[in-house]
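Engineer: Dropping a structure here in structure tokens format, bear with me for questions.
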Amino acid sequence: MIDFTALMDTITVSGETCSVTATEDWLQGRTIYGGLSAAFCLESVARQFGELPPLRSAQFGFVGPATG
């Protein structure tokens, strides 16, 4: 299993778009674990907007596939 840090390092940034492909060992059925989706979102924002103050809290609602 690829470790979490290595998985976060697979995020690529192209302009305003961030992409990542999770390995099969991080899948839960046809999708990835919800907490991992949230971690990808947070890491992508940190890479795009590193000058923001530290995040103090976050709430995520998983209502459909995360794409785009």
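The values are calculated or read from the model by the stated rules, or taken from the named source; none is laboratory data. What you are looking at is a predicted structure, and each value in this text was computed from that prediction instead of being measured. Using ideal geometry, Cβ is built from the backbone for each residue, glycine included, and neighbour counts are taken over all protein chains shown.
Engineer: Which one of ILE2, ILE11 is in contact with a Cys (Cβ under 7 Å, 6 or more places away or on another chain) and either surrounded by 10 or more Cβ atoms within 10 Å (Cβ to Cβ) or at pLDDT 90 or above (or both)?
Structural biologist: Numbers: ILE2 fails: in contact with a Cys (Cβ under 7 Å, 6 or more places away or on another chain).
After applying the criteria, what remains is ILE11.
Engineer: Which one of SER44, SER14 is hydroxyl-bearing (Ser, Thr, Tyr) and in contact with a strand residue (DSSP E or B) (Cβ under 8 Å, 6 or more places away or on another chain)?
Structural biologist: Working: SER14 fails: in contact with a strand residue (DSSP E or B) (Cβ under 8 Å, 6 or more places away or on another chain).
Criteria check complete, one pass: SER44.
Engineer: A further question on this structure: Residues being in a helix (DSSP H, G or I) and touching a residue at least 24 places away in the same chain (Cβ under 8 Å): count how many of those fall in the stretch 21-33. Steps first, please.
Structural biologist: Here is the first cut: in the stretch 21-33, the ones in a helix (DSSP H, G or I) are 24-26.
From what's left, touching a residue at least 24 places away in the same chain (Cβ under 8 Å): 25-26.
Number of matching residues: 2.
Engineer: For the stretch 11-20, give me the residue count where each residue is within 10 Å of PHE40 (Cα to Cα) and in a loop (DSSP other than H, G, I, E, B). Talk me through it step by step, then tell me what you get.
Structural biologist: Step one: filter the stretch 11-20 for residues within 10 Å of PHE40 (Cα to Cα), giving 11, 18-20.
With in a loop (DSSP other than H, G, I, E, B) added as a condition, the list becomes 11, 20.
Summing the residues that are within 10 Å of PHE40 (Cα to Cα) and in a loop (DSSP other than H, G, I, E, B) in the stretch 11-20 gives 2.
Engineer: Determine, yes or no, whether THR5 is closer than 22 Å to GLY64 by Cα and either among the hydroxyl-bearing types (Ser, Thr, Tyr) or without any contact (Cβ under 8 Å) to a residue 40 or more places away in the chain (or both). Even if it seems obvious, please write down each step before you answer.
Structural biologist: Values: closer than 22 Å to GLY64 by Cα: no; either among the hydroxyl-bearing types (Ser, Thr, Tyr) or without any contact (Cβ under 8 Å) to a residue 40 or more places away in the chain (or both): yes.
Considered against the rule, which asks whether it is closer than 22 Å to GLY64 by Cα and either among the hydroxyl-bearing types (Ser, Thr, Tyr) or without any contact (Cβ under 8 Å) to a residue 40 or more places away in the chain (or both), THR5 comes out as no.
Engineer: May I pose another question? I need a count of the residues in the stretch 11-31 that are over 10 Å from the mean Cα position of the chain (by Cα) and of a type in the set (Val, Ile, Thr). Can you show your working first?
Structural biologist: Keep residues of the stretch 11-31 that are over 10 Å from the mean Cα position of the chain (by Cα), which gives 12-17, 23-31.
Retained after the next criterion (residues that are of a type in the set (Val, Ile, Thr)): 12-13, 17, 23, 31.
The qualifying residues number 5.
Engineer: Moving on. Can you go through LEU52, LEU36 and tell me which one is surrounded by fewer than 13 Cβ atoms within 10 Å (Cβ to Cβ) and either assigned to a loop (DSSP other than H, G, I, E, B) or at pLDDT 85 or above (or both)? Break it down stepwise before answering.
Structural biologist: On the way: LEU36 fails: surrounded by fewer than 13 Cβ atoms within 10 Å (Cβ to Cβ).
On inspection, the qualifying residue turns out to be LEU52.
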